[in-house]
Every structure is written in structure tokens, then in C-alpha cells.
């Protein structure tokens, strides 16, 4: 096979996995990343990675994992790719194990697994409570090996400004900015992968890292790429409030036995440890006796929100509940949760081994993202996407510890598709239409110059703060059509204000303000996709909850939202969801018996008939 | 009058240009950290003296002390600025870039050498390929706990910053990369090419340039036993050298 030239944008788990696969097949990869790839946001993933390896004698299987994922996602995900992912999961965990990921072990030296939300099985492999960091490092090391061999070239502190399209609308490369000297470059490729992560920074303070603005996918969206299910934003039930960011307190804290509670009496301001057991309200355990504290995230979040906001039962009337680990042995806590307890200790100054943590929900993950087909290709041919930036694997709500899996699996599928796509095309990186690279680089460079000269009264960081507060207040846990409409109007007003920004820095060397101002526009465009999508979806499903329309409405909305950019704002259409493998059923976690486990098993059996059971070792 | 926090920042517009100090007065909010101060300056880039200036440039990403990006010198001590809580700092808070790496702008430095050093020590497990070859080697739980600690190194550069032997006149690779060599040499598969990593540590700028100041141990925000790593690798390098000499 002829050597191909690929571009991968983003160096988190999805981008690195794809890079490894492309290089392993002998192809050249240019890897573009805002930050040194070893510092990518995947580093923040804490709890673990799911795979039904079934080492605990529970009878778990990839098909039950598949059912849990589809059911947990309220049936909004197309089912065939999700089944592919769940079946590949045990092999992916073994691969990471071979790469040297420091997974926790059992007394026999085997991989240990713990429980996570939305399942009744111990299916989550973990490395302390910094699993994302450990997996990211393992992939980073493998990429470094290919870098040493000359197949991978990294462009760190670079930013992809947008895809380059030819006259036929095929993606032929990208325009990228060297953020150090602010020079703009056209780069050609046989295929391009966006693995650019989530967009939670649109919400201002969230659990995301500072670069997770969604700017690259927003740019592709504005150039014609469809964006899917934008309104599905996961709000994680447990985060530590902060002034600069809301720090995640992993679901693994509950997976290891952590309990969520508030005092039974409103305004009870005694120290938490002096409140007797009978005067505590373990509201998740009471309402969901079987799943207890490990109901899916959207449900736990709504319950905590209801307790604090509607019932005014939060600790001292504040927006906070206790997440309590103090009944667990210190040695277990240190061995399995050390990383996250350290975060709480460092940022709050209280030892969570001695005193219950105070937590509240925070924006955490975007289930929606750039639309892709089952080969991870966007609606712009030649442009692929993998990881949190695309929409494919989590439906209306993501299960904990499925994100690392979807990143790695998506990266693998994308790399194979890119090689196939590039191999099947007559023209590639070597024969671009004349002047396409220079004219596109010139266009972006011109835009940058115009932003650089903006001299109005508005400050971009102030607009961003207001954007974040508005989105958090109106487009998270509970959604209301009148408020969504008002939010969209305010977004339009903010776009107007954007035009009156005065750039606080006119320098042409590492000008972060200029970069941020351009990204802010992209955030505003993407925010409209989220808001308009939410406004038009008149039902409640997974993370999208509207009290006016409290039920799931499969007849009207068992559909993928598809947003396409237009001058007048996002144009929304709906695609049918592929539910060919598991018939949709009502999603209920309040049962007390073994109904769910049996139902999952039955569903898995029905659909698994005649199909291979997947890798089980 | 609202309470304010005094922050002094060392500014430098580009590599090689003049340095200057600027002081800011940032409104106090409970539980604020240094990152929040810098964010406030972005929203209102005006010095305490009322002079308009540019927002401060600094590198930051995760803001929860797992990525290593926001490392700088806070009140004379190298650390991550995200976990530097204002309530625990003396004022005025002084912020300066690390000194062992070239300044890009203001508080941002270029730590690229640390990543190149990981190539030098062949910092990876040489797996045969990413296709399905079954599980990896079994590893005892105790062993996992030991290597996990080493593997939390976020390449932040604190250990290089405090090491007297890392300076403009030396090519010393520094504690981080040596400890990473130990990490990969401890893995059953990584051990198969342990010799290549030891060779790298025997080169000029290698482990022999450690002066045993032990500052690194204290400075590491992840409490990685760096001096133990250097000790272990030092012994392994010596044995490796003897074996090579004897041709065994």
C-alpha cells in the first residue's frame, strides 16, 4: 500500500489511538494539538474504563454491557456501533494492559474491576482514581515511539482553525495556527481526523479543561458539517464547587461504596459526623433500592437538584449534598481512590477520609457532537471524528466509564476508515487543486488580522463569563421552553456584542486573547445548536428533561437531532435511530427485585441469538 | 471598600525581551486560587496603579493538578498555580516563570526538552502491535502500587526547576526522565529492553551528573520517590556497565 499522509487534530485518547493505528500501518501522521498531548483533557478521567471481562463470576457479557449502554442512553444511540464497541471492550482493556497501564490488581495479579453507575456488574477496570491519566500516558508513550521512528510529527501549541474543502466539498486538509508566532499554515492530507474533545467550556465553569471549547467542530459545522444531538449535555451529579472550575468527584467514589445524603431536617447545621444515622436522608438509596447511589448520572443529578433547589433540603440550605466515604477503611480508600481524595484535600482543605465531602452537579460531558456515519466519517467526505467531539455512542445519557472506551474504540474505527478512504481515492494530499492551501491560509489569516484590529468596548472574557452563567442557569438539568427561547435571544445579542469586542492585546506573539476571541465566536455558534435543539425537542429523555413534557415520546422524538448551519441559525431536522438490535422499552431504575438484570439478560439473549458472544476469556 | 488580593506578576513580551513587574489588585472571593486571579486580570487587564495592560499569558489546562501545565513560581516556590489557594499565600503574591526553561511569554515557558528526554530513555513498553494478543503479564498488587506512583509523573518540571545540576552549563537529563526509565524497566515487558534505557542514562548528561542534592524529592507535587528512582537506576547502570565491560 502506498504511504498515506494523515492529519489528526487533538491528542487525547481518541486522537492518540488513531495516530498509533495509522502509524502502525506505515502511514505518516501530523498530530495537531493546543497543548502538549500528554496534558490533554483525557487526563482528567478518573474512575475507569468499562469492558465485560467477567472476572468476578457474575455472568457479565459484552451483550449485557451493550444493553446497559443502550438502556442507560434512553435508546437514542444507533445500536450497531454501540454493540461493536461493547464487543471490542475486553480486547481494548487487554491491549492497554499490554501497554503497561498501571491498572489495579486482584490478589491473583489479574485486573481488578469495580462497579459504576447504570449497571449491576463489576465491569470497570481502573488505575487508582486517575485512570484517564494512566491510559493517556500509555498511548502517549506508544505515539512517542512512532515519533522517534519518524512516522509521527507533532504540532503542539498549534490550533486547527478549520478544514480545507475542495470544490466538490471534500476535506483535503486543514488550516492551522502556530499559537507561538501566530503564523497561519495550510496543511494537506489524504484524510483528516477531528478528535478535539467536548465543548463544556461553553458553560463557563464545568469539569472540563480550559481548551474544551468545541471550537474546531464548531468551525467544521459553520463550513457545512452536520452536528447531532447537541442538546444532550451530561451534568455530573458530584463535583466540587470552585471559583475557576468545578472539579469532578468521580462516580468511582460511589462505586467503592460512597453514600449520598442530606440531613433529614432542613437547616440542620450540626457537623455531619455528629448527625445520627436515623437523622440522615439517603435519598438515592431510598428511592432506588437496587441501584442505590449508582443510578445513571442524569437521574442522580436530577434527584440532587430536586433536593437542593425544589425541596430546599441541601446542606444548610446551600446547593450541596454530602458524599460520604468515612465509613470505608482508609487503606482501601488510598489504594482505590487516592487521586480524587487528594484533589478534594488540596482544593477544599478537608480530608474526605474523615469528613463527608460537599458536592453539587456540574456540566461534564457532551453526548452530542459532530455527526458521523458508522465509519466515523462526518458529512464532509474525508473528515472523520472520534471521541467526545462526535455523537455516536452514548445516546441521551452516557454511562460512567464508557467515555474512555468510546474514545479508544472510535479512534480505532476511524483510523481503519481513514486508511480505506485514502486508499480508495484517486487524488489525495499530493495533488490538491492549485493554490487551495495558500488561498485558504490567506482567508484565515485575513480573519485573524480583522480580529486583531477589533477596538470596541467589550471584553471577550467578560462575555464568556456571562455566556457560561446563562447556559448553566437555563440549559442544564431542568429545561423550560420560554427560558430556552429567551436564552437564544440573548445568544443573538451576545453575537452582536462580540462584534464590538476590543482586543485587549495587539501583540503578534502568543496572543491568547486573539485566539480566545475567535474561539468565543465558535462557542456562541455551538451554544445556539444546543439551545435550539433543546427548544425543539418537546419530550424528556436521558439528560434532556422538560417538566412541560415529562415523558419520553418515541413516536415524535426517537430521532437523532441533526443541526446544519445557516445564516439564519441552526436548521434542525431529525433522522430515524437504528433500533434494530434491542427494541426500545421504558427506562425505569426504581424496581426492587432482579427485574432489570433479568430484562437485560433476556434482551441480550434475544438479540444475541446466532451472533458470536464476543470475546470472553 | 471591597477586600482585594495583591498579585505581582513578572512580565516578558517575548523571548529575549526586557522583563518587568506589574502589580494587580484583584477582588477577593472565598476559596479563590491563583488561576482565578489571572482570570480576573483577563476580564479587567488594568494594573493596581490604574494603567491599562495586556492580560497575563500563562499555560493552564486541567486546573486540578493532574496535567502539569500551569506550573510556575508562586511566592518563590515552584508549583502548580491551580492548587495554590490564595488564603494560604502571603501577599503580595508573586508569580514568575520557571527559570530552567526558555520563556515564551510572561509565565509561559517551553518545556519541550522534557518530552524529547522521554524519547532518549525510550520511555515506552515495546509492544508488538495493537492487535488483539490477549491479556498482559500478571502483576502483583504491591508491584502495581509501586509503579502507579512512578506513573503519575505529569512532566511538570518542578524537579528540574529545583535541581542545582540542571542549569545552562549542564546537559543533565534530570530526575523525571530517570524515574520514568525505572518505571519502564520495572514492567515485565519493558524489562526486556532495560539495557537500552540504561545505555541512555550512561550517556553525557545522564545519571552520573546527579549531585545528590535531593531537592527533587521535596518539590515533586505527586510525591514520587525520585531519589529512590535515581538510586535504583544508579545501581542498575553500574551493574550494566560492569556486565558490558565483562562482555556478559
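General observations
- Single match in A:167, A:178 (criterion: surrounded by fewer than 21 Cβ atoms within 10 Å (Cβ to Cβ), in contact (Cβ under 8 Å) with a residue 40 or more places away in the chain and in the same structural domain as residue A:417 (by TED's automatic domain parsing)): A:167
- When the stretch B:216-248 is filtered for residues that are buried (at least 18 other Cβ atoms within 10 Å of the Cβ) and within 12 Å of residue B:159 (Cα to Cα), the ones remaining, listed by number, are B:216, B:217, B:219, B:220, B:221, B:222, B:224, B:226, B:227.
The rows are residues; the columns are (1) under 22 Å from residue A:392 (Cβ atoms); (2) touching a strand residue (DSSP E or B) at 6+ places or on another chain (Cβ under 9 Å).
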| site | (1), (2) |
| --- | --- |
| A:482 | no, no |
| A:486 | no, no |
| A:491 | no, no |
| A:522 | yes, no |
| A:525 | yes, no |
| A:536 | yes, yes |
| A:557 | yes, yes |
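- Residues (within 20 Å of residue A:241 (Cβ to Cβ), out of contact with any strand residue (DSSP E or B) (no Cβ under 6 Å at 6 or more places or on another chain) and more than 7 Å from chain A (Cβ to nearest Cβ)) located in the stretch B:35-58: B:38
- Qualifying residue in the stretch B:12-26 (condition: without any contact (Cβ under 8 Å) to a residue 60 or more places away in the chain, in contact with a helix residue (DSSP H, G or I) (Cβ under 8 Å, 6 or more places away or on another chain) and not assigned by TED's automatic domain parsing to the domain that holds residue B:168): yes
- Residue B:61, sole failed condition from (1) facing chain A (nearest Cβ under 9 Å); (2) more than 30 Å from residue A:53 (Cα to Cα); (3) touching a residue at least 12 places away in the same chain (Cβ under 8 Å): (3)
- Every residue from the stretch A:409-428 that is outside any helix (DSSP H, G or I) and within 26 Å of residue A:14 (Cα to Cα): A:424, A:425, A:428
- When each of B:55, B:45 is tested for being free of Cβ contacts under 8 Å to residues at least 24 places away in the same chain, within 28 Å of residue A:213 (Cβ to Cβ) and surrounded by 22 or more Cβ atoms within 10 Å (Cβ to Cβ), the lone residue that passes is B:55.
- Filter pass, residue A:10 being within 25 Å of residue A:217 (Cβ to Cβ), in contact (Cβ under 8 Å) with a residue 24 or more places away in the chain, touching a helix residue (DSSP H, G or I) at 6+ places or on another chain (Cβ under 8 Å) and more than 14 Å from chain B (Cβ to nearest Cβ): no
- Test: residue in the stretch A:313-321 that is assigned by TED's automatic domain parsing to the domain that holds residue A:266, part of a strand (DSSP E or B) and more than 20 Å from residue B:148 (Cα to Cα): yes
- Candidates are the residues of the stretch A:429-464 that are out of contact with any strand residue (DSSP E or B) (no Cβ under 6 Å at 6 or more places or on another chain), more than 14 Å from chain B (Cβ to nearest Cβ) and in a loop (DSSP other than H, G, I, E, B); the one that is surrounded by the most Cβ atoms within 10 Å (Cβ to Cβ) is A:433.
- Taking the listed residues A:537, A:541, A:500, A:508, the one that is out of contact with any helix residue (DSSP H, G or I) (no Cβ under 8 Å at 6 or more places or on another chain) and either assigned by TED's automatic domain parsing to the domain that holds residue A:175 or under 30 Å from residue A:167 (Cβ atoms) (or both) is A:500, with no other qualifying.
- Residue A:196 surrounded by 21 or more Cβ atoms within 10 Å (Cβ to Cβ), modelled with pLDDT of 95 or more, farther than 30 Å from residue B:13 by Cα and within 21 Å of the chain's Cα centre (by Cα): no
- Residue within the stretch A:250-258 that is within 14 Å of chain B (Cβ to nearest Cβ) and surrounded by 23 or more Cβ atoms within 10 Å (Cβ to Cβ) present: yes
- Only one entry of A:31, A:96 meets the criterion of being within 14 Å of chain B (Cβ to nearest Cβ), outside any loop (DSSP other than H, G, I, E, B) and within 19 Å of residue A:384 (Cα to Cα), and that entry is A:31.
- Evaluation of residue A:86 against (1) within 14 Å of chain B (Cβ to nearest Cβ); (2) surrounded by 24 or more Cβ atoms within 10 Å (Cβ to Cβ); (3) touching a residue at least 60 places away in the same chain (Cβ under 8 Å) (one fails), failing number: (1)
- One residue alone among A:127, A:77 is surrounded by 24 or more Cβ atoms within 10 Å (Cβ to Cβ), away from chain B (no Cβ under 14 Å) and not in a helix (DSSP H, G or I), and that residue is A:77.
- Tally of residues being in contact with a strand residue (DSSP E or B) (Cβ under 6 Å, 6 or more places away or on another chain) and surrounded by 24 or more Cβ atoms within 10 Å (Cβ to Cβ) across the stretch A:28-45: 5
- On inspection, residue A:117 fails the criterion of being on the phi > 0 side of the Ramachandran plot, touching a residue at least 24 places away in the same chain (Cβ under 8 Å) and either away from chain B (no Cβ under 14 Å) or part of a loop (DSSP other than H, G, I, E, B) (or both).
The values are calculated or read from the model by the stated rules, or taken from the named source; none is laboratory data. What you see is a predicted model; the values in this text were computed from it and never measured. FYI the Cβ positions are ideal-geometry reconstructions off the backbone, even for glycines, and counts take in every protein chain you see.
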